[in-house]
Amino acid sequence: MKKQIIALSLVCAGTLLAEEVNMQAIDVNETIDTEVIKDIHGEDVKSADLAEALFKQSPSITLVRRSGIANDIILRGMKKDNINITIDGTKLCGACPNRMDPPVSHVLTNNIDHIEITEGPYNVEEFGVLSADVEVNTIQPTEEWHGDVNLGFGSWGYQKGAVSISGGTETIKVLLSASAETSEQYEDGDGNTFYEQVQREIDAGKVPDKVQYQDKYKDMDAYDKKTLMAKLFWNITDNQELRLSYTANRSDDVLYPSSKMDALYDDSDIYNAEYIAKDLGTYSKELYIQLYRTEVDHPMSTMYRKMGTPTEMTHALTTQVDGVKIKNTFDMDNHTITAGIDYSLRNWDGAYYKNGIPLPPQFFHSIWDVDTENIGFFVKDKIHLDRLVLDMGLRYDDTTIDSANPAQQDNDYGEVDGYINGTYQVDNSLEIFAGFGKSSRVPDAKELYWISSPMKMPDGSMKAMPIGTPNLDNTVNYEFDLAVEKQFESGSIKFKAFYSMLDNFIAYNASKKMNRYENVDATVYGFAVTGTYVATESLYFDYGLAYQRGEKDDPLEGQTGTNLAEIPPLKFNAAVNYDWDETFNLRAEFIASDRWSDYDEENGEQELAGYGVLNLKATKIFAESFELTVGVDNLLDKTYAVSNTYKDLILLPTLNPSDNIMLMNEPGRYIYTNLRYKF
């Protein structure tokens with residue numbers, strides 16, 4: 001396996017004097033408690049959608065399908081703010097309360113070097129790592145000048161062009177990457193486009209005709225996306241480095257057929273600066289300072305639907321996160337100690353417009369200029385004791401959430417979190433990991449303060465309903481984890497299990513007319529098995545299986561069920577790889593899931609059939625510089641769905657309350673090719 005380099009983005013600080021030390025690149029390898037997904041920019045060339053790439057590569061990740069792009073993920077039964085996602089150490093929060101723009105949608109696969117996934121509450125450096133931490137690390141500049149050009153084509157009019165160039169000197173290195181891609185509406189296994197999937201529900205009498213696309217828009221493209229990433233790394237001295245980066249994402253006319261609105265555009269910007277100084281003295285092996293800002297602008301509208309004429313409704317939202325992190329690491333005997341401070345300020349604002357004109361003041365705001373301000377202090381210690389490595393961490397958070405709406409209460413949260421885990425090397429081939437941790441996350445502005453668009457009451461009056469619940473408690477997770485990894489001469493196998501006790505988990509209650517979010521205690525537990533088998537020098541296999549189960553301790557108010565929502569069933573990933581020679585590789589992968597039989601019916605979920613799909617891919621290198629990839633996903637053209645219909649998302653309304661909400665089918669047989677030129 002290729003070793004990849006950590007791609008961090010950067011900060012500035014004054015020059016510090018110290019002994020000369022070369023700034024070394026860091027090799028990233030998977031450990032027993034961390035999953036590392038490498039070379040995504042080189043291996044996943046089907047599209048820019050990171051969620052889909054992760055779904056194919058990790059058995060613990062389930063896709064949340066919303067569109068042809070900008071999809072979301074569920075990791076071990078957790079989603080949204082229950083998992084922490086960073087991009088080069090920055091936090092980017094989507095603006096859409098309907099998850100049309102989750103964090104993973106704001107970084108493209110062609111810009112990613114590797115992803116580190118730590119399952120469990122084992123990261124005290126970040127705010128809100130409730131159940132898992134996903135660190136996305138993008139490609140970084142190199143001293144040697146090189147670049148690549150990618151051209152991609154696929155079914156349903158998919159076209160993509162991407163170019164990157166990097167190089168410099170020992171002192172300054174730069175990188176520039178840009179891409180553009182577009183696609184028509186994909187067809188499911190039955191040959192239905194987005195428009196036709198909606199029409200299927202209308203013909204069945206399940207959803208009203210007004211949610212259908214207008215005739216002039218029924219064949220419009222599914223999305224158009226452009227990106228730009230620029231980086232500059234400056235070695236100020238032999239032991240000091242300044243890293244600066246900027247990333248822009250511009251998505252236009254993104255269709256979300258199972259929702260009532262589509263995104264007119266989705267723009268995001270990531271500004272990042274890092275300063276790293278090494279070997280400053282006895283008590284500073286590495287000083288790290290980071291400053292960043294992320295911004296998202298997301299208006300969604302009924303413009304393309306029949307309900308959008310003659311009256312078009314637009315819900316326009318923005319988010320901004322400003323962050324600062326300072327940490328210092330030093331060694332003392334057999335201890336590696338890191339201490340630091342972490343600060344972030346997240347703003348979320350949203351408003352309703354009718355035909356481009358703001359609604360009256362009493363109906364204008366959805367999320368009213370809400371600030372979530374956090375400051376955290378953390379310390380962690382890694383202790384090496386012969387064959388045993390102990391890792392422990394502690395963090396204190398102070399968080400205030402303020403709404404500009406004088407009628408909505410402000411909230412303050414304080415929490416001490418921490419963990420301890422140990423890895424024991426039994427021998428050169430066997431490792432055992434055990435850990436326990438406590439973590440927490442605060443409610444977000446949607447869960448606390450979201451107000452619906454105005455609705456007509458039986459008496460003819462208009463009223464906006466408060467969907468959020470302003471007095472929610474923060475969620476606390478107490479979790480045990482166990483892992484065993486065994487290396488064999490011809491392969492490896494890893495077993496992981498977890499048991500999570502969630503106090504005041506935030507759940508959506510569809511039985512209520514207002515204040516629909518409520519706290520409930522819950523339990524989530526499960527296991528995963530992953531491994532590899534090398535049959536010959538040319539033939540090798542990788543596989544993974546994951547299962548989780550989630551239950552509320554008690555039903556939500558006015559309900560009787562206790563199944564926790566968005567807990568996917570058993571999932572299995574397997575692949576066989578054959579290296580014909582150093583220039584030609586073949587890969588076949590099989591992804592399957594059990595029937596989704598444990599679901600939260602009272603809150604919109606439904607039973608989903610199991611599925612199994614086969615994907616094929618071949619890659620050939622010509623003349624050292626050209627690489628051609630040809631593949632087909634869902635070879636047998638199966639019709640299936642992976643995403644359930646939890647009403648925490650606003651999906652198409654049903655005419656009969658007893659009807660199931662529209663399922664969004666996955667793409668049918670998809671054929672693609674990518675030509676890459678490296679120089």
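For residues that are among the aromatic types (Phe, Trp, Tyr) and in a strand (DSSP E or B), scanning just segment 361-382, find the one that is most open to solvent (accessible area, probe 1.4 Å).
Initial filter on segment 361-382 (among the aromatic types (Phe, Trp, Tyr)): 363-364, 368, 377-378.
If we keep only those that are in a strand (DSSP E or B) as well, we get 377-378.
Numbers: Phe377: 102, Phe378: 9 Å².
Of everything passing the filter in segment 361-382, Phe377 is most open to solvent (accessible area, probe 1.4 Å).
Quick check on segment 345-365. Is at least one of its residues in contact (Cβ under 8 Å) with a residue 40 or more places away in the chain and within 30 Å of Ala277 (Cα to Cα)? If you could, list the steps in order and put the result at the bottom.
Pass one, segment 345-365, residues in contact (Cβ under 8 Å) with a residue 40 or more places away in the chain: 346, 348, 350, 352-356, 359, 362-363, 365.
Cutting the leftovers down to within 30 Å of Ala277 (Cα to Cα) gives us 346.
Yes: one or more hits.
Answer yes or no: is there a residue in segment 623-643 that is without any contact (Cβ under 8 Å) to a residue 60 or more places away in the chain, loosely packed, with under 15 Cβ neighbours inside 10 Å and charged (D, E, K, R).
Checked against the condition, which is being without any contact (Cβ under 8 Å) to a residue 60 or more places away in the chain, loosely packed, with under 15 Cβ neighbours inside 10 Å and charged (D, E, K, R), segment 623-643 yields at least one hit.
Of the residues Asp371, Asp459, Asp398, Asp410, which single one is in contact with a strand residue (DSSP E or B) (Cβ under 9 Å, 6 or more places away or on another chain) and more than 23 Å from Ile341 (Cβ to Cβ)?
Among Asp371, Asp459, Asp398, Asp410, only Asp410 is in contact with a strand residue (DSSP E or B) (Cβ under 9 Å, 6 or more places away or on another chain) and more than 23 Å from Ile341 (Cβ to Cβ).
What number of residues within segment 136-167 are of a type in the set (D, E, K, R), touching a residue at least 40 places away in the same chain (Cβ under 8 Å) and surrounded by fewer than 22 Cβ atoms within 10 Å (Cβ to Cβ)?
Step one: list which residues in segment 136-167 are of a type in the set (D, E, K, R), which gives 143-144, 148, 160.
Of the ones still in play, those that are also touching a residue at least 40 places away in the same chain (Cβ under 8 Å) are 148, 160.
Then drop every residue that is not surrounded by fewer than 22 Cβ atoms within 10 Å (Cβ to Cβ), which leaves 148.
So the answer is 1.
With Asp238, Asp221, Asp252 as the choices, which residue is of a type in the set (Asp, Glu), open to solvent by 30 Å² or more (accessible area, probe 1.4 Å) and in contact with a Phe, Trp or Tyr (Cβ under 6 Å, 6 or more places away or on another chain)? Please lay out each step first, then the result.
Details: Asp238 fails: in contact with a Phe, Trp or Tyr (Cβ under 6 Å, 6 or more places away or on another chain); Asp221 fails: in contact with a Phe, Trp or Tyr (Cβ under 6 Å, 6 or more places away or on another chain).
Of Asp238, Asp221, Asp252, the one residue that is of a type in the set (Asp, Glu), open to solvent by 30 Å² or more (accessible area, probe 1.4 Å) and in contact with a Phe, Trp or Tyr (Cβ under 6 Å, 6 or more places away or on another chain) is Asp252.
What are the residues in segment 104-163 that are of a type in the set (S, T, N, Q), more than 17 Å from Asp88 (Cα to Cα) and over 15 Å from the mean Cα position of the chain (by Cα), if any? First the steps, then the outcome.
Initial filter on segment 104-163 (of a type in the set (S, T, N, Q)): 105, 109-111, 118, 123, 131, 137-138, 140, 142, 150, 155, 159.
Applying the additional criterion that residues be more than 17 Å from Asp88 (Cα to Cα) yields 131, 150, 155, 159.
Residues satisfying the conditions are Asn150, Ser155, Gln159.
Give just the number: which of (1) within 22 Å of the chain's Cα centre (by Cα); (2) over 26 Å from Leu54 (Cα atoms) does Tyr547 not satisfy?
(2)
Within the bounds of segment 409-418, is there any residue that is charged (D, E, K, R) and open to solvent by less than 60 Å² (accessible area, probe 1.4 Å)? Before you say what the answer is, go through the steps one by one.
Initial filter on segment 409-418 (charged (D, E, K, R)): 410, 412, 415, 417.
Retained after the next criterion (residues that are open to solvent by less than 60 Å² (accessible area, probe 1.4 Å)): 415, 417.
Yes, the conditions are met somewhere in segment 409-418.
When you check Glu518 against the structure, is it out of contact with any Pro (no Cβ under 8 Å at 6 or more places or on another chain) and closer than 23 Å to Ser403 by Cα, yes or no? Can you show your working first?
Details: out of contact with any Pro (no Cβ under 8 Å at 6 or more places or on another chain): yes; closer than 23 Å to Ser403 by Cα: yes.
Spelling it out, Glu518 is indeed out of contact with any Pro (no Cβ under 8 Å at 6 or more places or on another chain) and closer than 23 Å to Ser403 by Cα.
Quick check, is Asn84 among the polar types (S, T, N, Q) and modelled with pLDDT under 95?
Working: among the polar types (S, T, N, Q): yes; modelled with pLDDT under 95: no.
It is false that Asn84 is among the polar types (S, T, N, Q) and modelled with pLDDT under 95.
Out of (1) under 30 Å from Leu675 (Cβ atoms); (2) among the aromatic types (Phe, Trp, Tyr); (3) surrounded by fewer than 17 Cβ atoms within 10 Å (Cβ to Cβ), the odd one out for Tyr533 is which?
Evaluating Tyr533 over (1) under 30 Å from Leu675 (Cβ atoms); (2) among the aromatic types (Phe, Trp, Tyr); (3) surrounded by fewer than 17 Cβ atoms within 10 Å (Cβ to Cβ) leaves (1) as the failure.
Can you name the condition, by its number, that Gln320 falls short on among (1) open to solvent by 70 Å² or more (accessible area, probe 1.4 Å); (2) farther than 30 Å from Leu482 by Cβ; (3) touching a Lys or Arg at 6+ places or on another chain (Cβ under 8 Å)?
(1)
Just name the residue that is surrounded by the most Cβ atoms within 10 Å (Cβ to Cβ) out of those in segment 21-66 that are among the small types (Gly, Ala, Ser) and at pLDDT below 85.
This residue is Ala48.
What residue, among those in segment 92-128 that are touching a Phe, Trp or Tyr at 6+ places or on another chain (Cβ under 8 Å) and within 29 Å of Gly422 (Cβ to Cβ), is surrounded by the most Cβ atoms within 10 Å (Cβ to Cβ)?
Selected residue: Pro121.
Name the residues in segment 173-218 that are open to solvent by less than 30 Å² (accessible area, probe 1.4 Å), hydrophobic (A, V, I, L, M, F, W, C) and in a strand (DSSP E or B), would you?
Scanning segment 173-218 gives a single hit, Leu175.
Working only within segment 580-601, note down all residues that are of a type in the set (D, E, K, R), part of a strand (DSSP E or B) and either at pLDDT below 95 or farther than 21 Å from Ala535 by Cβ (or both).
Listed by number, the list holds a single entry, Asp581.
Quick test for you: out of Leu430, Leu394, Leu388, pick the one residue that is of a type in the set (A, V, I, L, M) and within 27 Å of the chain's Cα centre (by Cα). Show your work before the answer.
Working: Leu430 fails: within 27 Å of the chain's Cα centre (by Cα); Leu388 fails: within 27 Å of the chain's Cα centre (by Cα).
None of the others qualify; the one that does is Leu394.
I'm told Ala609 meets every condition in (1) within 25 Å of Gly531 (Cα to Cα); (2) surrounded by fewer than 18 Cβ atoms within 10 Å (Cβ to Cβ) except one. Can you identify the failing condition by its number?
Evaluating Ala609 over (1) within 25 Å of Gly531 (Cα to Cα); (2) surrounded by fewer than 18 Cβ atoms within 10 Å (Cβ to Cβ) leaves (1) as the failure.
Determine which single condition Thr314 fails, assuming it passes every other condition in (1) of a type in the set (S, T, N, Q); (2) touching an Asp or Glu at 6+ places or on another chain (Cβ under 8 Å); (3) crowded, with 19+ Cβ neighbours inside 10 Å.
(2)
Could you grab me the full set of residues in segment 73-104 that are closer than 21 Å to Thr247 by Cα and part of a loop (DSSP other than H, G, I, E, B)?
From segment 73-104, those closer than 21 Å to Thr247 by Cα are 84-96, 99-104; that's our starting set.
Of everything in segment 73-104, those that are closer than 21 Å to Thr247 by Cα and part of a loop (DSSP other than H, G, I, E, B) turn out to be Asp88, Gly89, Lys91, Leu92, Cys93, Gly94, Ala95, Cys96, Arg99, Met100, Asp101, Pro102.
Go through segment 228-255 and give me each residue that's over 30 Å from Glu196 (Cβ atoms), within 27 Å of the chain's Cα centre (by Cα) and among the β-branched types (Val, Ile, Thr).
Result: Thr247, single match.
Failed condition for Leu539, given (1) over 17 Å from Val442 (Cα atoms); (2) surrounded by 17 or more Cβ atoms within 10 Å (Cβ to Cβ); (3) not polar (S, T, N, Q), with all others met?
(2)
The values are calculated or read from the model by the stated rules, or taken from the named source; none is laboratory data. Source: prediction; values computed, not measured. Cβ coordinates were reconstructed from backbone atoms using ideal geometry, including for glycine residues, and neighbour counts include every protein chain displayed. The accessibility values were calculated without ligands, DNA or RNA, using every heavy atom of the protein model including side chains. Shrake-Rupley method; radii C 1.70, N 1.55, O 1.52, S 1.80 Å.
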